[in-house]
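First the structure, in the form of structure tokens, and then the observations on it.
The values are calculated or read from the model by the stated rules, or taken from the named source; none is laboratory data. The model shown is predicted, which means the values in this text are computed figures rather than measured ones. No Cβ is skipped: glycine too gets one built from the backbone with ideal geometry, and neighbour counts run over all protein chains shown. Each accessible area value is taken on the protein alone, full model and side chains, heavy atoms only, with ligands, DNA and RNA left out. Shrake-Rupley method; radii C 1.70, N 1.55, O 1.52, S 1.80 Å.
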Amino acid sequence: MELLITALIIAAILFGIGLYGALSQTNLVMIMMGIELMLGAAMVNLVAFWRYLHPEAFSIQMFVLVAMTVMALEGAVGFAIATQRFRTSGSVEMEESAELKG
Amino acid sequence: MISIQLILLIIFGLVAIWFGWRVFMTSSMVRSALSLLGSMVAIGALFLVMEAEFLGVLQIMMMGTEMSIMAVFMMMYMMDPGGLGNMDMSHQKNLSIAAGVAVTVLITGAVLFADWGTIVTQVPSPHEQNRLLGMEILKRSMMIFETAGVTILTGMIASIAVALSIKSSREK
Amino acid sequence: MIALLLTILGPLAASIWITVTRKQIGYAALTGSLTSLIGSVLLFLYMIEGQIITTSFAGLPGLPFRLEATELSAVLALVVSVITTFIFIYAIGYMAEEKGKLRFWSGISLFLGAMQLLVLAGDWILFVMAWEIMGFASYLLIGTWYWKKEAGDASNKAFLMNRVADLGLYVGVFVIILASGSSRIAAESVQGISMVGALALLLAVMGKSAQVPFQSWLSAAMAGPTPVSALLHSATMVAAGIILLLKAFPLFSPDALIWVGSVGGVTILLTGATAVFSEDIKRMLAASTSSQLGFMVLAVGAGYPAAAVAHLIAHAFMKSSLFLGAGIFQHEIGSTKYEKLGAAGKKLKLTFSGFAVAGLALAGIPPLIGFWSKDAILTAGLQADPAVWYFPAALAGAFFTAIYMGRSFGILWKGRSEPEEKPKKLAWMQLGLLTLVSAVVAGWLFLDPLVEVAGFSVPKDNIAMISGLVVASIGLVAGWFATTPIIKNRVWMFFRDNYPVAGGYTNVIVQPVQMLANGANQIETRLLQSVFTIGTVFLAVGRWLADVPDRATAYVIDWIGAFNLKIARLSGFTDDKGIVEGIARLVDSVQRIGYYGRKIQSGLVHRELAWSVYGMVFALIIILLTYL
């Protein structure tokens, strides 16, 4: 039981750090790093569940694979957006970018 | 019951948390990227400790590549990659700290007070795990796998499309 | 099963390909024909080993469609596909410089598919369908050069005449299905059909196989390209009538057979005479086809379908060779009239030799294929019980055959000629011609065994053989010397023009039909007018009735109207004040919500993220509370 709880708490803390980073950083790339941390924490959670509660259910590992895929993809698309933004406005700071204000 | 697994879990967990913290606490961009790499590798090690060998190895390999690319992008886009200017690049700090702490506390509470049932101690061997994971992918989760593949393709196309420059297309 | 499909669907697919893609149409059609050839060879081989391939699939309720490769069907399918393949080879050369290729090739491939379907049909409904498609294909093909007036008229005439005769087919098939309860074409005689049914079928045969009095469409159909004449109007389509007779033979009573034989005999004589006095080589061949078909009909009527089968196969090879040869002459000289074709044989010696061999075979000279089949028919005529005049009629027909063939030889050979340049692609045409002629020559090898494989045994008789030879020799010699190309004598012209009675087809049939149509039109107009008048009368009556005043009704109606008006005013009031007002207020509130909502939105990424975090925390709390 301790094993499971330890792993889950580690994941919770990582998630919190990631959330803090995603909310507090001005730079787009830093925000992405925060999101990646959050996803990593989620994956730790999943693997802990798999290992300690259902080692026979490999669909959980499938889920982890999908989450990894999503991480990689989100990195790719995010960087593409950052590139384009850098080209058009010269910086990727999120502080000044209020174009979507409605 | 202190087992070797618990010790390793705690060690690698602390390493991951420390590196994660360092990502946002340092002002040098390259160091942020490398810290994130360290954190991800530690998470991979956690997977290995929890006997999900395939996932662990996959995580380490992928994250290695991804973080190096991220480091390159950092250097391209940051105003101060070396972090020598010592500017505080953050906003709504209070809100973020509050949000992070609140979420952590909530989740920990949920973890501690939930009834998890019995813990299973027997895990299939790594060889067996790979085989079973493969069977899982190719039988029940085939659709998911295919969808993931298509999603990757879409992501590739989308990122290339977004990153195309108007000027470069005119030059052609 | 695959063999069946190949045989029938191969050429149909080729036809569709040609119509859709319009590429390589000659070779595509040839491919379709080769597919059919492969399929029919397979069927033949299966049949020799004793395996009859059948397949049935869904059709009308209670009457499934069947395809059956019986002995006779397999043999006929093989013969059809062999002849067609070589005629296609010929046609590639013939049509190389002609217009109308697309229509020709797609039509003739369609025809081949339909013919194979007819031969392989195991039930009457498929048979009728194939018959109709063949008639349609014949219409398309005769009118290949439709911009020429005589081609358009000929295709119309052929189609209409066949249509009238097809009525007989429908009635006959109807009678058969009623009598036997199923639409299967049975090899054994189930039970006979009535005289009416038999005569109806005979009518269909007369139309399709150009027997008297329906023979004039065949002469007119010579306006089509020569491959069409060679394939349709000598070897296959007109043979469809004979195939009908063969398949229905077990169902005919002896009395009906006498009618059949009589029709055949009359046709032999009359159309043979037409051929003798003909001025045009293709018309001569057309009349000759009617005459030879008359032989086959006579054989069936005499009760010896074996002789008909033998002559069917033999005639197919002989007549198609003759037509192909005539086509080469036509291609060269530019006309088919005897007066222009003088000494054409000397110019095109190879073609003439092929033509001569086939012609001698038709006249019945051994050891060519025609001798054996004609011998069989003469024997049939001699051995038939009921009508003793079958044999003389057949003998006279053989005599006529020899005369007109001899005449054509004489005209083609005698005279002087200057050598001219050969046309392009003559080689294709000659190849097609010569392969078929070689079948004619080698006929004595395969005709009897083939007929026997088809399930019949060929009758033979010495008297018939000798009298046939005598008649053939005399006729050939007589014909050779009677080579006036143009006939001026009135009596002989009457024979030559297919006995036009009372002005011929146009007067006897077309004009009365048109008058009938006009009359019907008039009647319909009158009817319409009277209906209108009735309508107007009723309308007037109704109006008069409505004019009668009734005060009570008017008053009640007024009162009802006023009441309704009050209700309408009331509902209008509620609408205005109530509903519309409500909607306006609703819209206003939505707008205000939007206004306040806009203030929250800042467009900054981190603010938006913060909002999502608030939401997430909120959700987490709720989940925790439900769990705790």
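Based on what the data block shows, is A:ILE81 within 14 Å of chain C (Cβ to nearest Cβ), part of a helix (DSSP H, G or I), open to solvent by 20 Å² or more (accessible area, probe 1.4 Å) and not small (Gly, Ala, Ser)?
yes
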>> I'm told A:ALA11 meets every condition in (1) open to solvent by less than 40 Å² (accessible area, probe 1.4 Å); (2) under 28 Å from B:ALA158 (Cβ atoms); (3) modelled with pLDDT of 90 or more; (4) under 13 Å from the mean Cα position of the chain (by Cα) except one. Can you identify the failing condition by its number?
In response: (2)
>> Consider region B:101-118. How many of its residues are at the interface with chain A (Cβ under 8 Å from one of its Cβ atoms) and under 17 Å from A:ASN45 (Cα atoms)?
In response: 8
> In this structure, is A:GLU56 touching a residue at least 24 places away in the same chain (Cβ under 8 Å), over 18 Å from A:ALA7 (Cα atoms) and acidic (Asp, Glu)?
Replying inline: no
> Within region B:103-128, which residues are closer than 23 Å to A:MET1 by Cβ and not aliphatic (A, V, I, L, M)?
Replying inline: B:THR104, B:THR108, B:GLY109, B:PHE113, B:ASP115, B:TRP116, B:GLY117, B:THR118, B:THR121, B:GLN122, B:PRO124
> Looking at C:LYS577, C:LYS599, which is the one that is more than 14 Å from chain A (Cβ to nearest Cβ) and open to solvent by 100 Å² or more (accessible area, probe 1.4 Å)?
Replying inline: C:LYS577
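In region B:123-139, which residues are surrounded by fewer than 16 Cβ atoms within 10 Å (Cβ to Cβ) and within 7 Å of another protein chain (Cβ to nearest Cβ)?
Here is the first cut: in region B:123-139, the residues surrounded by fewer than 16 Cβ atoms within 10 Å (Cβ to Cβ) are B:124-128, B:130-131, B:134-135, B:138-139.
Passing the criteria: only B:PRO124.
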>> With the requirement that a residue be surrounded by fewer than 24 Cβ atoms within 10 Å (Cβ to Cβ), in a helix (DSSP H, G or I) and touching a residue at least 60 places away in the same chain (Cβ under 8 Å), what does region C:96-110 give you?
In response: C:ALA96, C:GLU97, C:LYS101, C:LEU102
> Could you say which residue among A:MET30, A:MET62 is modelled with pLDDT under 90, out of contact with any strand residue (DSSP E or B) (no Cβ under 8 Å at 6 or more places or on another chain), more than 26 Å from B:ILE7 (Cα to Cα) and open to solvent by less than 30 Å² (accessible area, probe 1.4 Å)?
Replying inline: A:MET30
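Residue-by-condition table, conditions (1) under 24 Å from A:THR69 (Cα atoms); (2) at the interface with chain A (Cβ under 9 Å from one of its Cβ atoms); (3) assigned to a helix (DSSP H, G or I); (4) of a type in the set (A, V, I, L, M):
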{"residue": "B:ALA16", "(1), (2), (3), (4)": "yes, yes, yes, yes"}
{"residue": "B:GLY20", "(1), (2), (3), (4)": "yes, yes, yes, no"}
{"residue": "B:LEU36", "(1), (2), (3), (4)": "yes, yes, yes, yes"}
{"residue": "B:ILE69", "(1), (2), (3), (4)": "yes, yes, yes, yes"}
{"residue": "B:VAL72", "(1), (2), (3), (4)": "yes, no, yes, yes"}
>> I'm told B:SER27 meets every condition in (1) more than 8 Å from chain A (Cβ to nearest Cβ); (2) not in a loop (DSSP other than H, G, I, E, B) except one. Can you identify the failing condition by its number?
In response: (2)
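Yes/no matrix, rows are residues, columns are (1) more than 21 Å from C:HIS606 (Cα to Cα); (2) within 7 Å of chain B (Cβ to nearest Cβ):
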site	(1), (2)
A:MET1	yes, yes
A:ILE5	yes, yes
A:ILE10	yes, yes
A:ALA22	no, no
A:MET32	no, no
A:ILE35	no, no
A:LEU46	yes, no
A:LEU53	yes, yes
A:ALA67	yes, no
> Restricting the search to region C:133-152, which residues are part of a helix (DSSP H, G or I) and over 22 Å from C:SER40 (Cα atoms)?
Replying inline: C:GLY135, C:PHE136, C:SER138, C:TYR139, C:LEU140, C:LEU141, C:ILE142, C:LYS149, C:GLU150, C:ALA151, C:GLY152
> Which one is nearest to A:GLU74 (Cα to Cα), of the residues in region B:69-113 that are at pLDDT below 80 and among the small types (Gly, Ala, Ser)?
Replying inline: B:SER90
>> Of everything in region C:21-56, what is in contact with a strand residue (DSSP E or B) (Cβ under 8 Å, 6 or more places away or on another chain) and buried (at least 19 other Cβ atoms within 10 Å of the Cβ)? Give them in sequence order.
In response: C:ILE53
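Each row is one residue, and each column tells you yes or no for (1) closer than 18 Å to C:ILE53 by Cβ; (2) of a type outside the set (D, E, K, R).
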position: C:ALA91; (1), (2): no, yes
position: C:LYS99; (1), (2): no, no
position: C:PHE104; (1), (2): no, yes
position: C:ILE108; (1), (2): no, yes
position: C:GLY113; (1), (2): yes, yes
position: C:LEU118; (1), (2): yes, yes
position: C:GLY122; (1), (2): yes, yes
position: C:ILE133; (1), (2): no, yes
>> For the condition touching a residue at least 40 places away in the same chain (Cβ under 8 Å) and either within 8 Å of chain A (Cβ to nearest Cβ) or surrounded by fewer than 16 Cβ atoms within 10 Å (Cβ to Cβ) (or both), what is the one hit in B:GLN59, B:GLN5?
In response: B:GLN5
>> Being open to solvent by 30 Å² or more (accessible area, probe 1.4 Å) and within 16 Å of C:LYS99 (Cβ to Cβ) is the filter here; which residues of region C:123-148 pass it?
In response: C:LEU140, C:TYR146, C:TRP147, C:LYS148
> Could you give every pair whose Cβ atoms fall below 6 Å, whose first residue belongs to region C:606-628 and is closer than 12 Å to B:ALA110 by Cβ, and whose second residue is surrounded by 15 or more Cβ atoms within 10 Å (Cβ to Cβ) and modelled with pLDDT of 80 or more, counting only separations of at least 6 or pairs across chains?
Replying inline: C:LEU620/B:LEU106; C:LEU624/B:ALA110
> If you go through region C:71-95, how many residues are among the β-branched types (Val, Ile, Thr) and open to solvent by 20 Å² or more (accessible area, probe 1.4 Å)?
Replying inline: 2
> Among the residues of region C:268-285, which ones are assigned to a loop (DSSP other than H, G, I, E, B) and open to solvent by 10 Å² or more (accessible area, probe 1.4 Å)?
Replying inline: C:PHE277, C:GLU279
